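Where a number appears in this text, it was derived from the coordinates with a stated rule and is not lab data. This structure is a prediction, so every number in the text was calculated from the model and none was measured. No Cβ is skipped: glycine too gets one built from the backbone with ideal geometry, and neighbour counts run over all protein chains shown.
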Amino acid sequence: MKILEKICSPLGWLSLGLLGYGIWHVLNTPADFQQGNSVAILFVHVSAAKMALFFYLVLVAASIRYLWKKGDTADTIAEASVHVGAAFSVVTLATGSIWGKPMWGTWWAWDARLTSMLMLLIIYVGLIALRGALEDRQRGAKAAAIFALIGAVDLPLIHFSVVWWRTLHQPASLGNGAPKLVGPMLTTLAVMGVAFTVLGTYMLVLKTLEVREQRRLHDKEEEHFHNG
Amino acid sequence: MGDYSSFVIGAYAVAITVLGGAVFLWKIRLARAKKMLAKMENFGESSQ
């Protein structure tokens, strides 16, 4: 955990610089011939969506580690990744909705991709509520880890929803068979993707440190309470 | 091809508010927890 304290602040400044550079790229990217300048929303939307899914993978890895080895560090990282993932899920849904209004003519549609993404946010919020509801930390950690593993079913649903079902949401923007992105748009998406990855890492480190300190504080308070 | 600047500004404002707000909140909570822990440790040392 000492290393996390050391890298936290530099990561914060690095992510701020990369985001500034990313926004400069966004401002200099030409408008799409169909979407106009609303394409600028997608650079944030796609990057945030990748992060929302990535932090669920972090959560799954930390949950398996916790159930297997019972380490406090794994549980702290699991709890932190839920909060970070939830923040990125909110951004994904909100920016998607704002983009959808001018492009689809509606803020929301019960389409497979949108609904499975909303389910991811509900799972994240459910995990936060579950930990808050159980007073015993070990029980809360075990229940949250099991629930997180069950909730992982939603990940392939989100990823393949645009392949398995006829959806309003367009297919993946990157990968095999995806529509080709032209130079400046691909560069901007790549820069924003890197900026969001660094920002997400910073947020995970910051939240992990915060969860650890809150737990230490809680333990101290309990100790003082019992010692009178 | 229309001008969707207000939607773009709205989307970026939401993203900055949510992510920036989370970072701000966690930083405050971390600093507060550290302060409380230091206070409790000082109290523990002085009462011994």
Q: With runs of 4+ DSSP H residues as the only contributors, calculate the mean residue ellipticity of the protein assembly as shown at 222 nm using -39,500 (n - 2.57) per run, divided by the residue total and rounded to the nearest 500.
A: -29500 deg cm²/dmol
**Q.** Base-10 log of normalised Debye intensity for chain B (one unit scatterer per alpha-carbon) at q = 0.26, 0.27, 0.33 Å⁻¹
**A.** -0.88, -0.90, -1.03
**Q.** Test item: A:207-214 mean partner chain Cβ contacts at 10 Å
**A.** 5
Q | chymotrypsin sites (Phe, Trp or Tyr not before Pro) restricted to segment A:61-110 and DSSP loop, no more than 13 other C-beta within 10 Å | A | A:Trp107, A:Trp110
Q.
Let me confirm one metric for peptide A:94-103, namely the mean number of other chain beta-carbon atoms within 10 Å of its residues' beta-carbons.
A. 5
Q: Any chance you could give the angle, 0 to 90 degrees and rounded to 10, that helix A:39-69 forms with the longest Cα principal axis of chain A?
A: 30
**Q.** Nearest-ten-degree value, helix A:112-133 long axis tilted from longest Cα axis of chain A
**A.** 20
Q.
Can you give the FRET efficiency to the nearest 0.05 for A:Val125 and A:Ile64, using r as the Cβ-Cβ distance and R₀ = 30 Å?
A. 0.85
Q) Using a Cα distance threshold of under 23 Å, what count of lysine pairs results for chain A when pairs must be 8 or more residues apart or interchain? A) 16
Q: Give me the distance between the Cα centres of segment A:1-54 and segment A:88-133, rounded to whole Å.
A: 19
(Q) How tilted is helix A:183-227 with respect to the longest principal axis of chain A? Cα atoms for both, answer in degrees (0 to 90, nearest 10). (A) 20
Q | Contour minus Cα-Cα distance for A:Cys8 and A:Val153 (0.36 nm per residue) | A | 49.0 nm
Q) Looking only at other chains, what is the average number of their beta-carbon atoms within 10 angstrom of each beta-carbon in A:35-41? A) 6
Q.
Please list, in order, the residues from segment A:177-220 whose amide nitrogen is less than 11 Å from a point placed 7 Å along the Cα→Cβ vector of B:Arg29.
A. A:207-215
Q.
With the cut-off at 1.5 for a/c, could you classify the protein assembly as shown from its C-alpha gyration tensor as rounded, prolate or oblate?
A. prolate
Q) For chain A, what is the relative contact order in percent, using Cα pairs closer than 8 Å and at least 6 residues apart in sequence? A) 32
